[in-house]
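The values are calculated or read from the model by the stated rules, or taken from the named source; none is laboratory data. Worth saying up front: this structure is predicted, and the values here are computed from it rather than measured. Reconstructed Cβ throughout: ideal geometry from the backbone, glycine too, with neighbour counts over all protein chains shown. Areas reflect the complete protein model, heavy atoms only, side chains present, ligands, DNA and RNA absent. Shrake-Rupley method; radii C 1.70, N 1.55, O 1.52, S 1.80 Å.
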Amino acid sequence: MQPGRTTLSKFLIQQLSDAQDQGRLAALLVDVAAAVKAISAMTAKGALGGFLGALEQTNVQGEQQKKLDVLAHEALIHACDWGGLVAGMASEELAAPYGIPEGYDRGPYLLVFDPLDGSSNTDVNVSVGTIFSVLRHDAAQAPQTADYLQPGTRQVAAGYAIYGPATMLVLTVGKGTHGFTLDREIGNFILTHPDLRIPEQTSEFAINTSNTRFWEPPVHRYVTECQAGKAGVRGRDFNMRWIASMVAEVHRILMRGGVFMYPRDSKDATRPGRLRLMYEANPIGWLVEQAGGLASTGRQRLLAVGPEDLHQRVPVILGSREEVERIERYHREHDAGADRPFYSPLFNERSLFRAQAA
Ligand code: AFP
């Protein structure tokens with residue numbers, strides 16, 4: 001595969017040459033890429049296109065919708081619902097799955113997506129993204145919600161687009177994680193970052209530290225040690241980033257390593273985390289694993305989580321292998337009651353959490 005010259009279509013034909021339905025999966029990913037180009041044009045136009053600002057309504061998550069949330073959602077639906085490749089679609093912006101309209105053929109795939117991740121950043125011109133996951137649905141009848149509730153290990157393709165200074169598409173079909181850059185002059189995605197690998201070590205972590213008082217002790221232990229730097233047990237200084245756009249954090253980690261954490265916290269006892277399993281954690285988790293990293297809830301592999309709800313939230317800890325392994329060890333030690341000597345004075349048994357199995 002010749003970086004700088006291989007187009008997305010050529011790449012997919014080559015990567016899927018031995019796959020069941022390779023032509024249809026490649027065609028679906030090309031349709032997703034077409035929607036990404038449309039979203040890229042809108043995000044790049046910003047205020048000039050009237051694309052900024054929020055709408056009155058809220059989505060199924062109870063979050064206020066930005067104009068671009070809805071426009072990105074519509075771009076993906078319109079690019080993918082007519083081609084006879086999907087049996088149905090699920091979106092962060094829809095409470096229930098989207099049924100393929102009468103008159104259109106259905107195909108063997110389910111497309112699940114967050115149309116615009118990081119949308120709280122749209123009006124301040126910070127990178128945002130689209131995240132998508134492809135599952136199979138081989139039954140003849142139209143899919144029900146339960147047909148979407150497949151663990152991340154059942155994905156057949158996953159990817160994200162990042163609308164930054166450059167628009168990039170990063171995807172996997174199970175044979176590594178590969179990056180494509182949009183050449184706007186010819187309107188094509190060109191392979192620029194083949195076989196991305198996440199360095200196993202890092203000195204950079206990403207977490208929203210305004211939630212410190214809500215964290216579980218093992219997360220607090222890990223972050224406190226990073227902040228102690230050379231003077232502490234880690235023996236080296238760490239750097240911190242928080243862009244509030246998961247796609248942008250993950251892209252940085254794929255480019256140079258790092259660890260991203262949106263752990264379970266006690267801010268809202270009804271929510272085991274902020275990020276959604278089906279269309280954020282699972283696709284991103286597979287991309288990270290395919291690039292040699294780890295993706296965990298802190299207590300189990302993200303891709304092994306059995307979905308119970310289309311919009312279910314999970315704790316997310318992912319990135320450089322050695323750091324994620326350390327954080328998982330801290331969770332095990334906490335749950336086994338073996339980490340008491342490491343507690344920060346801020347934390348003790350009477351406070352926020354009782355050890356709970358995942
Ligand atoms: P939005 O799409 O509502 O902006 O949420 C983005 C996100 O799901 C994820 O991309 C960020 O990492 C995380 O939320 C930021 O959460 P905080 O605003 O709590 O830092």
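Given 0.36 nm per residue, what is the gain on full extension from Ala304 to Glu102 after removing their alpha carbon distance, in nm?
That pair, Ala304 and Glu102, stretches by 69.2 nm at full extension.
Report the extension gain between Asp195 and Ala228 in nm, rounded to one decimal, defined as 0.36 nm multiplied by the number of residues separating them, less their alpha carbon distance.
8.5 nm
Suppose every K and R has +1 on its Cβ and every D and E has -1 on its Cβ; what is the size of the dipole of the chain about the Cα centre, in Debye to the nearest 20?
940 debye
First measure r as the distance between the Cβ atoms of Ile186 and Ala38, then evaluate 1/(1 + (r/R0)^6) with R0 = 22 Å and state the FRET efficiency to the nearest 0.05.
0.85
Hey, for a label at Lys175 modelled as a point 7 Å past Cα toward Cβ, could you say which residues of segment 1-20 have their backbone N under 16 Å away?
1-3, 6-20
Across the chain, how many lysine pairs separated by 8 or more positions, or lying on different chains, have Cα atoms within less than 20 Å?
Values: Lys10/Lys37; Lys10/Lys175; Lys37/Lys45; Lys37/Lys66; Lys37/Lys67; Lys45/Lys66; Lys45/Lys67.
Going through the chain pair by pair, I get 7.
If you average the C-alpha positions of segment 320-341 and of segment 168-240 separately, how far apart do those two centres end up, in angstrom?
Measuring centre to centre over Cα atoms gives 19 Å.
Given the peptides 89-101, 51-63, 281-293, arrange them by the average over their residues of other C-beta atoms within 10 Å, most packed first. Walk me through the numbers on the way to the answer.
Working: 89-101: 18.5, 51-63: 12.9, 281-293: 25.9.
Taking the mean over residues of other Cβ atoms within 10 Å, the ranking is 281-293, 89-101, 51-63.
Could you order Trp242, Trp82 by accessible surface area, starting with the largest, using a probe radius of 1.4 Å?
Descending accessible area places them as Trp82, Trp242.
With N set to the number of residues, divide the alpha-carbon radius of gyration of segment 204-347 by 2.2 N^0.38 Å and report two decimals.
So the Cα radius of gyration is 0.99 times the expected 2.2 N^0.38 Å.
Please report the antiparallel percentage of DSSP beta bridges with both residues in segment 204-347, rounded to the nearest 5.
If I count the DSSP bridges inside segment 204-347, around 70 percent turn out antiparallel.
Bin width 10 Å, origin at 0, all Cα-Cα pairs of the chain: what percent of pairs per bin?
Each 10 Å bin holds this share of Cα pairs: 5, 25, 33, 24, 10, 2, 0.
If I take every Cα pair under 8 Å that is 6 or more residues apart in segment 8-193, average their sequence separation and divide by the length, what percent do I get for the relative contact order? Kindly include the intermediate steps, with their values, before the conclusion.
Numbers: 342 pairs, mean separation 29.4, N = 186.
Contact order relative to length: 16 percent.
Round to the nearest 0.05 the FRET efficiency obtained for Ile13 and Met240 when R0 = 41 Å and r is the Cβ-Cβ distance.
0.45
How high is the relative contact order of the chain, in percent, with contacts defined as C-alpha pairs under 8 Å that are six or more residues apart? Walk me through the numbers on the way to the answer.
Details: 760 pairs, mean separation 53.1, N = 358.
Over the chain, the number comes to 15 percent.
Show me 230-238, 106-114 ranked by packing, highest mean number of other Cβ atoms within 10 Å first.
106-114, 230-238
If you roll a 1.4 angstrom probe over the protein chains with everything in place, what fraction of the accessible area of segment 150-300 belongs to carbon and sulfur, to the nearest %? Provide the component values of the computation, followed by the final result.
On the way: 2600 of 5320 Å².
Accessible surface attributable to carbon and sulfur in segment 150-300 totals 49 percent.
At most 12 other Cβ atoms within 10 Å and a DSSP loop assignment: could you name the trypsin sites (Lys or Arg not before Pro) in segment 1-95 that fit?
The qualifying sites are Arg5.
Quick one: dipole size for segment 204-347, taken about the Cα centre, charges +1 on Lys/Arg Cβ and -1 on Asp/Glu Cβ, in debye to the nearest 20.
Here the size comes out at about 240 debye.
What order do you get for 294-301, 268-275 when each peptide is scored by the mean count of other beta carbon atoms within 10 Å, highest first?
Top to bottom by mean Cβ count within 10 Å: 294-301, 268-275.
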